[in-house]
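One structure is given below, encoded as structure tokens.
Just so it is clear, none of the values below were taken in a lab; they were calculated from the coordinates. Bear in mind that the values here come from a model prediction, so they are computed numbers and not experimental data. Cβ sites come from the backbone with ideal geometry, for glycine too, and all protein chains shown count toward neighbours.
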Amino acid sequence: MSAPKRLLIEYEDGSTRAVEYAALDKPLREALSRLGLAPSPSGIAASKHYAVLRWEDGWQEVVAVDRDTADLIRYFVIRRIEDRGRLSFEVGGEWPVLFIIERMPDELASVLVVGTDGSQLYALDGALERFEGTFAAGGKREYVKFDGTSPRSPQHQGQGSEVLAAMIDSVRTEVDRMGTTLQAIRGTDDSGRVRAYRDVAAGLGLMGHERQEDVYGLIEMLMEMAAKIDEWTLS
């Protein structure tokens, strides 16, 4: 995503005022980034949770869920002419956060939610078929693969500590392969960390669902977790 040139504010009386985007302070630019209106100021997302989407063929995508909580509510695939998946998270507010899955939605295998408060693993290996009727666009069928609100629907939820530990180990392996250390990477500036995270992401096979900076934000979180483990080991 390219950076905006200016921010335009429209008032109730129809008047407008504009401010150069470069003149905005970092917190405001980060807020615009979280809304999907601008790239992250550093190229590295700063989210409280990340969801790692894993497909049956090994493809992985990362999406940021910048809320205090991020619990998967349901995932289902709508089958019409083209399939679409709908992934919704309970985030502690009035409305859930919704993501549309377009890449082979019926083959999404699991969702790992990683946050500073731990991790949760949601397996999507079952499906409950529901026929929703025939509309102008054709017949519509839903295949519910996870629904935390209904005991009749597939629900396979558990601690993702083992998968998370494996991801941290994979980060360490990539850093070793690059001939550097966690401490050295974490001590560089934003652009240096982005370059390192790009290599780590390629090694782990991680792609951004909407923004690549979400991947870098996840890797930064994993590195911080690895550093804390090292501190506990040495203490």
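Fully extending the segment from residue 229 to residue 123 would add 35.5 nm, taking 0.36 nm per residue of separation and subtracting the current Cα-Cα distance. Once you divide the Cα radius of gyration of segment 49-158 by 2.2 N^0.38 Å, the number left is 1.06.
Among beta bridges identified by DSSP and lying wholly in the chain, the antiparallel ones come to about 95 percent. Extension gain, residue 202-residue 102: 0.36 nm per intervening residue step, less the Cα-Cα distance, totals 33.8 nm. At q = 0.12, 0.15, 0.17 Å⁻¹ the log10 of I(q)/I(0) for the chain amounts to -0.77, -1.08, -1.25, computed by Debye summation with a single uniform scatterer per C-alpha, solvent ignored.
Would you list 209, 49 from fewest to most Cβ contacts within 10 Å?
Details: 209 21, 49 25.
By the 10 Å Cβ count, ascending, the order reads 209, 49.
Among 166, 196, 46, the largest mean-square fluctuation in a Gaussian network model of the chain (Cα springs under 10 Å) belongs to 166.
Just subtract the alpha-carbon distance of residue 28 and residue 159 from 0.36 nm times their residue separation and send over the number in nm, one decimal. All intermediate terms of the calculation are to be shown ahead of the outcome.
Details: separation 131, 0.36 × 131 = 47.16 nm, distance 3.48 nm.
Working it through step by step, the gained length comes to 43.7 nm.
Comparing mean-square fluctuations of 23, 51, 64 from a GNM of the chain with C-alpha springs under 10 Å, the top value falls on 23. Structure remark: mean-square fluctuation, Gaussian network model of the chain, C-alpha springs under 10 Å; the largest value among 13, 199, 66 belongs to 13.
For the peptides 181-188, 143-150, residues were scored by their other Cβ atoms within 10 Å and the scores averaged per peptide; the highest-first order is 143-150, 181-188. In plain terms, the bigger the Kirkwood radius, the slower the diffusion; for segment 162-234, with that radius from Cα pairs, at 4 °C and 1.567 mPa s, Stokes-Einstein puts D at 105 µm²/s. Once label points are set 7 Å from the Cα along Cα→Cβ at both residue 84 and residue 186, what is their separation, rounded to one decimal in nm? Computed distance between label sites residue 84 and residue 186 equals 4.2 nm.
How much net charge surrounds residue 199 when only the other residues with a Cβ under 15 Å from the Cβ of residue 199 are counted, with Lys and Arg +1 and Asp and Glu -1?
Working: positive: 172, 177, 186, 193, 195, 198; negative: 174, 176, 220.
Local net charge: +3.
Projecting the Cα atoms of 128, 92, 188 onto the charge dipole of the chain (Cβ charges, centred on the Cα centre) puts 128 farthest toward the positive pole.
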